[in-house]
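Shown next, in structure tokens, is the structure this report addresses.
Every read-out reported here was derived from the displayed coordinates using simple, explicitly stated rules and does not represent laboratory data. All values reported here derive from a predicted model rather than from experimental measurement. Quick reminder, even Gly has a Cβ in these numbers, built from the backbone with ideal geometry, and neighbours come from all protein chains shown.
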Amino acid sequence: MTDLQTPVSVTPDSDPTDSRPPATGGALVKRGLAEMLKGGVIMDVVTADQAKLAEDAGAVAVMALERVPADIRAQGGVARMSDPDLIASIIDAVSIPVMAKARIGHFVEAQVLQHLQVDYIDESEVLSPADYANHIDKHRFTVPFVCGATNLGEALRRITEGAAMIRSKGEAGTGDVSEATKHIRQILGEIRALSAKSSDELYLAAKELQAPYELVVEVARRGALPVVLFTAGGVATPADAAMMMQLGADGVFVGSGIFKSGDPVARAAAIVKATAAFDDPAVIAEASRGLGEAMVGINVSDLPAPHRLAERGW
Amino acid sequence: MNAPAPTIGVLALQGGVVEHERMLRGIGADVLLVRRPEQLAVLDGIVLPGGESSTIDRLLRMFGIAEPLAARIRSGLPTLGTCAGLILLADEVLDPAPGQQTLKVLDITVRRNAFGPQVDSLETTVATDDGPVTAAFIRAPEVVAVGAGVQVIGRHLGRVVAVRSGAVTGISFHPELTGDTTLHRQLIASARRWRVANTADTAEITAVSANAAG
């Protein structure tokens, strides 16, 4: 290539050929941002410094929250949307997309987060639910939503309400990947079973899934959800992340697993690398070397049922 | 007789890969998902997809693909970069993530997220030199300066969102999400010409070495 020429400044001017009025907040651009996150790692961060560290390690986005799930679990009490100052400081600190959590059903927290111009809202079971019957009507928002699901019916109900991305729930704040495995297998297994059904069986399937018939038919035909499916809840090592990808997840959320470990910088980069090269054991082995202590973790089987976050969501 | 389908690579480290793959297959290309440097040799063209540009940059360097890919594009490989792919092509990024680098194969300066956060992402039609393209802009970058030899081929709200230099086309937006094949067809046409030219070269070299050997 020749030397860089003195760049010519490009001045904005009106262009009469921009014909169609621009349309923001459509399903295409809401779902589209999630498509662009595929193959990536979204990391929980509680400070602007952690957000920068995550960006530097190669995260595709960060999730801004006040306490990571492991601390929510340890400290108890009601967990709510983060302080807007914290969210704004994280948006200012990084150039990658910033997500933030609202409580299930808390549409005013969601309005606040949209006002703060977060790029995605997670209507999350990790926070204390605000409504034990209804989720947020996500169609009313310009900002897209990601929601958790433990099975296909739950995923389809969230998509019906307007979710533009689904994450399998796993069990947040445990460092135990077994629930993440269970939920991603459950959702993808149910999709495979649905695709094998004859068209006259899909009416009953829709009834059993408690989801709209048209959406059930769409999923059966595509053999996939109409939105991106990430996995979450207990991923703590590069091998955990690669396993989720091999099971069929489009990407991974890592919450407490990074900043509750001995060496967050190294671990964050290693999980990014293993997620991208998820089918290459040599790369995963290399990424797994010398990472220091993983988060200590809690076995999900030791958690009494009321403390299992995955059971929140209806 | 139909010419055999060109082989188009889609850089598959992170981002919106399958949308390009499906679209390219649908209009008659063979598609190779590129994850290793040795795959570059067989390509007649390549798509650098949308995704998170700072992540793709890190993975390109981590897996040793950045340098051979840049060399291949400089040697004339037909290339289409969309959104993050446009950023990867650029000589200069105004607001890089810390440590973010690019392939430096296109003499332009870009600004990331130039159209605002996700709430400003939108669908629209962009007039380009190749015809109108139905496009999704998602946290899209903007071309803020172009060097000599780089053609501006499309604008949105008066701002430059599509450029071309030789066989390299870079766009801020996502036609692969809307299903508009205009620019992908153009890439395939360019890839066919590239292959014919290179096959001729190879044939000549083969003939020359055969003569030398004889």
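Gyration tensor over the Cα atoms of chain A: the corresponding equivalent ellipsoid has semi-axes (square roots of 5 times the eigenvalues, largest first) of 29, 27, 22 Å. Under a 5 Å amide H cut-off, with hydrogens placed 1.01 Å from N, A:Gly148 pairs with A:Glu125, A:Arg167 among residues at least 5 apart or on other chains. Listed by Cβ neighbour count within 10 Å, with the fewest neighbours leading, A:Leu127, B:Leu43 appear as B:Leu43, A:Leu127.
Under the combined filter of DSSP loop state and at most 16 neighbouring Cβ atoms within 10 Å, the range B:1-94 retains none of its GluC sites (Glu not before Pro).
Fewest-first ordering of B:Trp194, A:Trp314 by other beta carbons within 10 Å of each residue's beta carbon gives A:Trp314, B:Trp194. Across the range B:173-178, coupling constants 3J(HN,Hα) worked out from phi with the 6.51/-1.76/1.60 Karplus curve, θ = phi - 60°, read 10, 10, x, 6, 7, 8 Hz, and Gly and Pro carry x.
Summarising the amide proton neighbourhood of B:Leu33: residues at separation of 5 or more, or on other chains, whose placed amide H is nearer than 5 Å comprise B:Val10.
Ordering A:Gln210, A:Ser261, A:Asn299 by the projection of their Cα atoms onto the charge dipole of chain A, which places +1 on the Cβ of Lys and Arg and -1 on the Cβ of Asp and Glu, puts A:Gln210 at the extreme positive end. The Kirkwood radius of chain B, taken over pairs of alpha-carbon atoms, gives through the Stokes-Einstein law at 25 °C and 0.890 mPa s a diffusion coefficient of 141 µm² s⁻¹. The calculated Kirkwood hydrodynamic radius for the range A:140-231 is 13.4 Å, given to one decimal from all distinct C-alpha pairs. Computed from phi, the 3J(HN,Hα) profile of the range A:214-227 under the Karplus parametrisation 6.51, -1.76, 1.60 (θ = phi - 60°) reads 4, 5, 4, 4, 4, 5, 4, 5, 6, x, 7, 5, x, 10 Hz, with x in place of Gly and Pro. Computed extension length for A:Gln75-A:Glu311: 83.0 nm, one decimal, from 0.36 nm per residue of separation with the Cα-Cα distance subtracted.
Annotation: amide H-H contacts under 5 Å for B:Phe115 (H modelled 1.01 Å from N, sequence separation of 5 or more, or interchain): B:Ala140.
For q = 0.06, 0.09, 0.13 Å⁻¹, what log10 I(q)/I(0) does the protein assembly as shown give under the Debye formula with an equal point scatterer on each alpha carbon and no solvent? So the normalised log intensities work out to -0.29, -0.64, -1.28.
Largest mean-square fluctuation among B:Ala84, B:Ala135, B:Ala97, in a Gaussian network model of chain B whose springs join Cα atoms under 10 Å apart, belongs to B:Ala97. Across the range B:148-153, rounded Karplus estimates of 3J(HN,Hα) from the backbone phi angles (6.51 cos²θ - 1.76 cosθ + 1.60, θ = phi - 60°) give 4, x, 9, 8, 7, 10 Hz, Gly and Pro being marked x. As I understand it, the value is the acute angle between the Cα axis of helix B:17-26 and the longest principal axis of the Cα atoms of chain B; what does it come to in degrees, rounded to 10? Here the helix axis deviates by roughly 60 degrees.
Among A:Pro84, B:Leu157, A:Gln50, pick out the residue whose Cα is farthest towards the positive end of the charge dipole of the protein assembly as shown, where Lys and Arg carry +1 and Asp and Glu carry -1 on C-beta, about the Cα centre. Checking the options against the dipole of the protein assembly as shown, the answer is B:Leu157. List, in the order given, every pair from A:Lys138/A:Lys207; A:Lys38/B:Lys104; A:Lys38/A:Lys273; A:Lys38/A:Lys169; A:Lys101/A:Lys273 whose Cα-Cα distance in the structure shown is over 19 Å. Table pairs above 19 Å Cα-Cα are A:Lys138/A:Lys207; A:Lys38/B:Lys104; A:Lys101/A:Lys273. Rounded to the nearest 20, the size of the Cβ-charge dipole of the protein assembly as shown about its Cα centre is 680 debye, with Lys and Arg at +1 and Asp and Glu at -1.
Fewest-first ordering of A:His115, B:His174, B:His184 by other beta carbons within 10 Å of each residue's beta carbon gives A:His115, B:His184, B:His174.
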